[in-house]
Amino acid sequence: MSRRTGVSVRTIRFYCDEGLLVPLRSGGGHRRFGPDAVERLRTVRRLRSLGMGLRAIQAVLAGEDDLGEAIARERAAVDAELSALAWRSAVLRAAQEGDPAGRAARLDLLAAAA
């Protein structure tokens, strides 16, 4: 499975431990994967690359959550982070600009507004 997907054995084991992949076991206890496991692993990797958490991915794969809704929630979280970063950037810019002598007072005012 690792060779077919380019995903490390360690990562595949982790996904198995987390319940994202469900392997069959050989008589010797080795993990064996069915034909649908490759696509399932690719789906997990795609969603992880979008920043989606393991619990959210598990819910989507189990059919407990709609993929579109899960993506919309992830996007809303990213939008909130971007908004917070934009505010932080504006505060830092305001603190940096202007008279150095008044910088401490400006920092107090900006910290209070935050």
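The values are calculated or read from the model by the stated rules, or taken from the named source; none is laboratory data. Because the structure is a prediction, the values reported are computed rather than measured. Cβ atoms come from the backbone with ideal geometry, glycine included; neighbour counts cover every protein chain shown. For the accessible areas, the whole protein counts, side chains as well, though only heavy atoms, and no ligand, DNA or RNA atoms are used. Shrake-Rupley method; radii C 1.70, N 1.55, O 1.52, S 1.80 Å.
Run the 1.4 Å probe and let me know the accessible area of Val78, rounded to the nearest 10 Å².
Solvent-accessible area, nearest 10 Å²: 60 Å².
Can you give the charge dipole size of the chain about its Cα centre, rounded to the nearest 20 debye, using +1 on the beta carbon of Lys and Arg and -1 on the beta carbon of Asp and Glu?
Here the chain has a charge dipole of around 820 debye.
If each DSSP helix of 4+ residues adds -39,500 (n - 2.57) and the sum is divided by the residues in the chain, what number results at 222 nm, nearest 500 deg cm²/dmol?
Estimated from H runs of four or more residues: -20500 deg cm²/dmol.
What relative contact order, as a whole-number percentage, does the chain give when Cα pairs under 8 Å and 6 or more residues apart are counted?
The normalised contact order for the chain reaches 14 percent.
At R0 = 35 Å, how high is the FRET efficiency between Phe14 and Ile71 if r is their beta carbon distance? Nearest 0.05 is fine.
The calculated FRET efficiency here is 0.95.
Between Ala95 and Val38, how many nm apart are label points set 7 Å from Cα along the C-beta direction?
5.2 nm
Leaving ligands, DNA and RNA out of it, report the carbon-plus-sulfur percent of the accessible area of the chain at a 1.4 Å probe.
Whole-percent figure for carbon plus sulfur exposure: 54.
Glu69: accessible area at probe 1.4 Å, nearest 10 Å²?
100 Å²
Skip the ligands, DNA and RNA, and give the accessible area per residue of the chain with a 1.4 Å probe, whole Å².
For the chain, the per-residue accessible area is 72 Å².
Work out, step by step, the length gained on full extension between Ala62 and Ser26: first 0.36 nm times the residue separation, then minus their alpha carbon distance; give nm to one decimal.
Additional length available on full extension: 10.5 nm.
Quick one: length gained pulling Arg45 to Leu109 fully straight, 0.36 nm per residue minus the C-alpha distance?
18.6 nm
Take the alpha-carbon positions of segment 73-113, form their convex hull, and give its projected area averaged over all directions (one quarter of the hull surface) in nm².
Average of the hull's projected areas for segment 73-113 equals 2.9 nm².
If you rank Glu18, Glu81 by how much accessible surface each has, with a 1.4 Å probe, what is the order from largest down?
These residues rank, largest area first, as Glu81, Glu18.
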